[in-house]
Every structure is written in structure tokens, then in C-alpha cells.
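The values are calculated or read from the model by the stated rules, or taken from the named source; none is laboratory data. For clarity, every value in this text was computed on a predicted model and none was experimentally measured. Ideal geometry is used to build each Cβ from the backbone, glycine not excepted, and the neighbour counts take in all protein chains shown.
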Amino acid sequence: MATGASESKGGVFEFAVSSPERCTARGALTFATARRARTLGLDAQRAAAKSFVIDCGEIRQADSAGLAVLLDWLAEARRAGKALHFERLPEGLLRLARISAVDGMLQQGV
């Protein structure tokens with residue numbers, strides 16, 4: 001299992017890859033951790049199989065920067081011709097997505 005972590009004053013974000021098809025995002029996905037979280041997710045995607053699932057059920061805090069990271073992961077997967085799906089998206093993150101009218105993209109994936 002490969003694991004990456006981002007720690008700052010704003011919290012800790014961890015990205016644990018359990019297989020070429022699956023990983024778990026946990027902790028704070030916020031402005032303070034977004035840059036490193038983006039990098040961890042993109043690195044995992046590049047090494048992933050054609051279809052990749054990110055379990056988001058352990059994300060405890062998220063803001064608009066965190067939402068932007070998820071959307072960036074989707075865009076990169078699309079560019080790479082890979083399927084990406086999110087599972088167990090936290091309700092707070094879905095509320096942010098609804099306000100931005102991108103909740104369908106998050107729930108559908110690519």
C-alpha cells in the first residue's frame with residue numbers, strides 16, 4: 001500500500017493507494033492541503049489502471065479548494081482516457097458541489 005500525506009496548520013490530508021484500481025482520501029481537503037493533495041492524487045492516477053475509484057468517506061473537512069482538487073482529478077482522468085469514480089462523498093463536499101452546479105460531475109465521474 002502506497003501512502004502520501006500532506007500536513008499543514010490547516011490539517012492533514014492522506015492519500016492511501018490500496019491497489020492499482022482503488023485508494024482512500026482522508027483528513028482535511030482544504031486550501032491548506034490542496035496543492036499537495038492534488039499532486040498525490042495525480043501521481044496515483046498516473047500509476048493506476050484504466051479504471052480508478054477514490055473512496056472519499058474519510059474526508060473530514062473540505063472547502064472550495066478541496067472541491068477544485070476533485071474536479072482537477074476528474075479532468076486529468078478524462079485527458080488520460082481513464083475512468084475515475086468517487087465513492088462516499090461527504091455531504092458537506094456535495095453541498096459545495098451543488099452550489100457550483102458540479103455535483104453531477106462528482107457523482108457520475110468520468
Sort out which residues of the stretch 55-93 are crowded, with 16+ Cβ neighbours inside 10 Å and either free of Cβ contacts under 8 Å to residues at least 24 places away in the same chain or touching a Cys at 6+ places or on another chain (Cβ under 6 Å) (or both), and write them in order of number.
Phe86, Leu89
Name the residues in the stretch 80-110 that are at pLDDT below 95 and of a type in the set (Lys, Arg), would you?
Lys82, Arg95, Arg98
Taking the stretch 33-54 and keeping only residues that are surrounded by 15 or more Cβ atoms within 10 Å (Cβ to Cβ), closer than 16 Å to Val17 by Cβ and not basic (Lys, Arg), one is left with Ala37, Leu40, Gly41, Leu42, Ala44, Gln45, Ala48, Phe52, Val53, Ile54
Does Thr3 satisfy being surrounded by fewer than 20 Cβ atoms within 10 Å (Cβ to Cβ), among the β-branched types (Val, Ile, Thr) and at pLDDT below 90?
yes
Which condition number in (1) part of a strand (DSSP E or B); (2) within 14 Å of Phe13 (Cα to Cα) is the one that Val69 fails?
(1)
Looking at the stretch 27-52, which of its residues are modelled with pLDDT under 95, part of a strand (DSSP E or B) and either among the hydroxyl-bearing types (Ser, Thr, Tyr) or closer than 22 Å to Arg95 by Cβ (or both)?
Ser51
Can you find, within the stretch 57-79, the residue that is nearest to Arg35 (Cα to Cα) among those that are out of contact with any helix residue (DSSP H, G or I) (no Cβ under 9 Å at 6 or more places or on another chain) and of a type outside the set (Asp, Glu)?
Ala75
Scan the stretch 79-99 for residues that are in contact with a strand residue (DSSP E or B) (Cβ under 8 Å, 6 or more places away or on another chain) and not aliphatic (A, V, I, L, M) and jot them down.
Lys82, His85, Phe86, Glu87, Arg88, Pro90, Gly92
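Go through the stretch 75-95 and give me each residue that's of a type in the set (Gly, Ala, Ser) and assigned to a strand (DSSP E or B). Before the answer, list the steps.
Taking the stretch 75-95 first, the residues of a type in the set (Gly, Ala, Ser) are 75, 77, 80-81, 83, 92.
Passing the criteria: only Ala83.
When the stretch 96-106 is examined, which residues are found to be assigned to a helix (DSSP H, G or I), of a type outside the set (Asp, Glu) and surrounded by 13 or more Cβ atoms within 10 Å (Cβ to Cβ)? Quick ask: steps written out before the conclusion?
Residues of the stretch 96-106 assigned to a helix (DSSP H, G or I): 96-99, 103-106.
Narrowing further to those that are of a type outside the set (Asp, Glu): 96-99, 104-106.
Within the stretch 96-106, Leu96, Ala97, Met105, Leu106 qualify.
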In the stretch 11-34, which residue that is of a type in the set (D, E, K, R) and in contact (Cβ under 8 Å) with a residue 24 or more places away in the chain is nearest to Val102 (Cα to Cα)?
Arg26
Which of the residues spanning the stretch 67-84 are under 14 Å from Ile54 (Cα atoms) and of a type in the set (Gly, Ala, Ser)?
Ala77, Ala83
